[in-house]
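Student: Could you have a look at this structure, given as structure tokens, before my questions?
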Amino acid sequence: MIKGLHHISMKCGTEKEFEEAKAFYIDLLGFKVVRQWPEGIMLDFGNGMLELFSNGQGVRELGAIRHIAFATDDVDGIVSQVKEAGYEVFIDPKDIVIRSDPEFRARMAFCFGPLGEQIEFFMEYT
């Protein structure tokens, strides 16, 4: 039986990419180090983990997984930090309404991470 998300895994093609990814997720976004080993690190983001490997080729194209969405209470604040750190925000913070039943309101923004991954910052309105 599935109990929930355990982790998302990404591979870095170079040591430089690995160090940049660690800095982005640890220093900029505040993820906590859970464990480290010679070719990888596992980071806690609150209700799941991100696993980064230093020994991969890396993939620079969209596949079946379109983006990673992280829940936050401050989309605008995180986007400001991401921009200040020099990362591209390709959808600025905005309010959205998903015309579902019931209607779903949220605030969101998107950026590219250090490995070219698409990251969404997402805040549900309750």
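The values are calculated or read from the model by the stated rules, or taken from the named source; none is laboratory data. What you see is a predicted model, and the numbers here were worked out from it, not measured in a lab. Reconstructed Cβ throughout: ideal geometry from the backbone, glycine too, with neighbour counts over all protein chains shown.
Student: Can you name every residue in the stretch 4-19 that is under 15 Å from the mean Cα position of the chain (by Cα) and loosely packed, with under 12 Cβ neighbours inside 10 Å?
Tutor: Listed by number, the residues that qualify are 5, 6.
Student: Would it be correct to say that residue 115 is outside the structural domain of residue 13 (by TED's automatic domain parsing), closer than 24 Å to residue 22 by Cβ and touching a helix residue (DSSP H, G or I) at 6+ places or on another chain (Cβ under 9 Å)?
Tutor: Criteria met by residue 115.
Results for (1) of a type in the set (Asp, Glu); (2) at pLDDT below 95; (3) under 25 Å from residue 14 (Cβ atoms), shown as yes or no for each residue.
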| position | (1), (2), (3) |
| --- | --- |
| 42 | no, yes, yes |
| 55 | no, yes, yes |
| 71 | no, yes, no |
| 81 | no, no, yes |
| 88 | yes, no, yes |
| 95 | yes, no, no |
| 101 | yes, yes, no |
| 111 | no, no, yes |
| 126 | no, yes, no |
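Student: Return yes or no: is residue 22 surrounded by fewer than 19 Cβ atoms within 10 Å (Cβ to Cβ) and outside the structural domain of residue 71 (by TED's automatic domain parsing)?
Tutor: No, not satisfied.
Student: Something else about it: From the list 49, 1, 42, exactly one residue is over 14 Å from residue 115 (Cα atoms), outside the structural domain of residue 115 (by TED's automatic domain parsing) and over 15 Å from the mean Cα position of the chain (by Cα). Which is it?
Tutor: Result: 1 is the single residue among 49, 1, 42 that is over 14 Å from residue 115 (Cα atoms), outside the structural domain of residue 115 (by TED's automatic domain parsing) and over 15 Å from the mean Cα position of the chain (by Cα).
Student: Among all residue pairs at least 6 apart or on different chains, which show Cβ distances below 9 Å where the first residue, located in the stretch 15-42, is in contact (Cβ under 8 Å) with a residue 40 or more places away in the chain and the second is in a helix (DSSP H, G or I) and surrounded by 17 or more Cβ atoms within 10 Å (Cβ to Cβ)?
Tutor: Taking only residues 6 or more apart or on different chains, the pairs are 24/82; 28/78; 28/82; 29/78; 29/82.
Student: Okay, next question. Mind checking which residues of the stretch 69-126 are among the acidic types (Asp, Glu), part of a helix (DSSP H, G or I) and surrounded by 11 or more Cβ atoms within 10 Å (Cβ to Cβ)?
Tutor: Once the filter is applied, which keeps residues that are among the acidic types (Asp, Glu), part of a helix (DSSP H, G or I) and surrounded by 11 or more Cβ atoms within 10 Å (Cβ to Cβ), the stretch 69-126 yields only 76.
Student: For the stretch 69-82, enumerate the residues that are over 13 Å from the mean Cα position of the chain (by Cα) and touching a residue at least 12 places away in the same chain (Cβ under 8 Å).
Tutor: 73, 74, 76, 81 - these are the residues of the stretch 69-82 that are over 13 Å from the mean Cα position of the chain (by Cα) and touching a residue at least 12 places away in the same chain (Cβ under 8 Å).
Student: How many residues are under 19 Å from residue 70 (Cα atoms) and either assigned to a strand (DSSP E or B) or acidic (Asp, Glu) (or both) when one looks only at the stretch 21-39? Break it down stepwise before answering.
Tutor: Initial filter on the stretch 21-39 (under 19 Å from residue 70 (Cα atoms)): 21-34.
So of that shortlist, the ones also either assigned to a strand (DSSP E or B) or acidic (Asp, Glu) (or both) come out as 27, 32-34.
So the answer is 4.
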